[in-house]
1. In this structure, is R207 more than 9 Å from the ligand (Cβ to nearest atom), basic (K, R) and open to solvent by 10 Å² or more (accessible area, probe 1.4 Å)?
2. Scanning region 193-204 for residues that are part of a loop (DSSP other than H, G, I, E, B) and within 14 Å of the ligand (Cβ to nearest atom), which turns out surrounded by the most Cβ atoms within 10 Å (Cβ to Cβ)?
3. Can you say whether A403 is farther than 28 Å from V125 by Cα, hydrophobic (A, V, I, L, M, F, W, C) and either surrounded by 17 or more Cβ atoms within 10 Å (Cβ to Cβ) or touching a Cys at 6+ places or on another chain (Cβ under 9 Å) (or both), as far as the supplied structure shows?
4. Yes or no: T181 within 17 Å of P38 (Cα to Cα) and more than 10 Å from the ligand (Cβ to nearest atom)?
5. So if I check each of L117, L92, which one is over 20 Å from the mean Cα position of the chain (by Cα), more than 28 Å from I5 (Cα to Cα) and open to solvent by less than 40 Å² (accessible area, probe 1.4 Å)?
6. List every residue pair whose Cβ atoms lie under 6 Å apart, where the two residues are 6 or more positions apart in sequence or sit on different chains, the first residue falls within region 358-370 and is closer than 25 Å to F237 by Cβ, and the second residue, located anywhere, is within 16 Å of the ligand (Cβ to nearest atom) and part of a strand (DSSP E or B).
Amino acid sequence: MQTVIDRNPATGKVLAEIPGATLREVQAAVSQARAAQPAWAALAPEARREALLAAAQTLAARKEELADTITQEMGKTRRSALGEVEGYLAGLERKTQEVVEAIAPQPFEGAEDEAVLVRAPHGVVAAITPWNFPVGMPLSILIPALGTGNAVVFKPSEEVPLTGAILHQALAQHLPDGVLTLLQGAGDVGAALVDSDVDMVGFVGSRATGSRIMAAASNHLKRMVLELGGKDPMIVFADADLEAAAECAVTHSLRNTGQVCCSVERVYVAEAVAERFEALVLEKARDWKHGDGFTESSRMGPLVSETQRNKVHQQVQEARAEGADVALGGELPEGPGYFYPATVLTNVRQDQRITQEETFGPVVALTRFSGEDEEGIRLANDTLYGLGANVWTGDEERGRRVAAALQAGQVGVNRYLAGAPGSPWVGARQSGFGFRGGPEGHRQFTTPKTISVARPSS
Ligand code: ADP
């Protein structure tokens with residue numbers, strides 16, 4: 001299948017050329033996983049946890065190499081690459097323990113029987129993952145999938161094959177043969193994997209691909225957890241702490257060069273404070289200099305690819321042609337690499353593509369609104385998506401009321417969104433199907449099964 005050409009997005013230079021797995025290799029990986037899975041599932045959950053924690057130690061020992069590879073392959077700053085690896089590993093003790101507890105058998109006492117609810121793994125899980133968090137996203141599927149007793153065939157994104165290979169190698173050396181296999185390749189390999197004899201697809205990526213996976217998985221009613229894109233709104237009411245809200249808007253529109261599924265993609269600011277708020281945003285966004293991720297002063301690396309940069313620039317240009325004002329950025333920088341400057345748009349309209357479609361780029365898109373609760377809610381809910389949202393107001397009750405009316409999986413009030421520990425990460429509406437994280441999320445990698453034993457008749 002298609003050869004993967006891995007480029008450094010800061011220079012455009014080719015890092016590696018990796019042949020995509022053949023159909024035969026896809027089938028072989030799945031067969032190997034199928035053969036290895038029963039013995040893996042038969043281990044005590046604690047034993048699986050021990051293996052995963054040993055793998056985490058190997059990852060920790062290789063964290064500098066991982067961070068270098070991430071920055072080379074997808075461009076994010078070296079500091080945030082290391083932060084991603086360390087951040088995920090820091091939570092692993094707790095997460096793996098949570099997986100063990102989530103699948104503990106639950107006894108039920110009936111009048112005529114003694115029953116137990118167990119959580120059986122699905123069997124073989126295809127893990128198909130994106131490039132924006134090339135360690136965090138794969139682990140968020142691999143850990144619960146493996147921890148609950150599935151075997152996994154892992155296909156990292158074609159933008160980050162070298163990071164994927166390190167991740168696979170570090171984990172697989174602590175697991176029995178075949179329990180975790182790696183397939184390199186692009187979407188054609190992903191599609192072949194979904195079509196193969198797998199029982200479940202764990203996917204993080206775009207809504208369009210999620211929809212294709214859902215269609216393909218319908219034949220055999222394969223299980224799936226899909227985490228898709230977002231178009232997260234932020235509502236700033238006139239009584240908000242504007243300084244803090246502007247900081248949040250800028251940080252979470254520009255972080256990772258805007259390539260975050262739960263980026264702030266739309267900001268609705270009350271007319272009464274809009275001028276002040278826009279000035280604050282502009283001042284803060286000016287500090288977000290782009291540059292090579294290995295350079296200490298860069299706050300943003302390049303976008304991951306030329307395609308991604310063209311998409312972002314097209315949306316910005318279209319918005320400008322339709323009447324939005326470009327207060328900052330919006331021009332393609334000269335020189336090599338796929339850099340895009342921090343961009344601030346004002347007077348963005350609700351019917352524009354930049355308001356409706358995911359941008360995935362370093363753009364703060366500002367729209368003024370009346371400042372009424374109902375209007376803010378209506379605008380925020382006016383997309384297909386429903387990943388995150390945040391609301392800023394000096395009136396906490398109002399914040400709670402508006403949060404309750406927003407169609408999103410996680411909403412922050414006077415803060416950026418963040419799930420409480422143990423809560424699942426949810427894509428409402430077309431931002432996802434199923435969810436990950438927390439006991440409920442881990443259980444999605446299993447099927448509940450009840451075994452009921454008759455009591456001896458007396
Ligand atoms: P993005 O490139 O924005 O991360 P994609 O949804 O295109 O989003 O890619 C996410 C992952 O899905 C990648 O690993 C990619 O190779 C894979 N992929 C792309 N198309 C398909 C498909 N039709 N079936 C399965 N996986 C796919």
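The values are calculated or read from the model by the stated rules, or taken from the named source; none is laboratory data. Given the structure is predicted, the values throughout are model-derived calculations rather than measurements. Positions of Cβ are backbone-derived with ideal geometry, glycine not excepted, and every protein chain shown enters the neighbour counts. Only protein heavy atoms, including side chains, enter the accessible area calculation; ligands, DNA and RNA are left aside. Shrake-Rupley method; radii C 1.70, N 1.55, O 1.52, S 1.80 Å.
1. Judged against the criteria, R207 is not a match.
2. This residue is V198.
3. When the stated conditions are applied, A403 passes them.
4. Taking the combined requirement at face value, the residue satisfies it.
5. So the residue among L117, L92 that is over 20 Å from the mean Cα position of the chain (by Cα), more than 28 Å from I5 (Cα to Cα) and open to solvent by less than 40 Å² (accessible area, probe 1.4 Å) is L117.
6. Sorted first by the residue in region 358-370, then by its partner, the pairs are T359/E265.
This table checks each residue for (1) buried (at least 23 other Cβ atoms within 10 Å of the Cβ); (2) in contact with a Gly (Cβ under 8 Å, 6 or more places away or on another chain).
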| position | (1), (2) |
| --- | --- |
| R34 | no, yes |
| R49 | no, yes |
| F108 | no, no |
| P121 | yes, yes |
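Residue by residue, here is whether (1) in a helix (DSSP H, G or I); (2) more than 15 Å from the chain's Cα centre (by Cα); (3) not aliphatic (A, V, I, L, M) holds:
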residue: A165; (1), (2), (3): yes, yes, no
residue: Q169; (1), (2), (3): yes, yes, yes
residue: H174; (1), (2), (3): no, yes, yes
residue: Q184; (1), (2), (3): no, yes, yes
residue: A191; (1), (2), (3): yes, yes, no
residue: I213; (1), (2), (3): yes, yes, no
residue: L221; (1), (2), (3): no, yes, no
residue: L226; (1), (2), (3): no, no, no
residue: G230; (1), (2), (3): no, no, yes
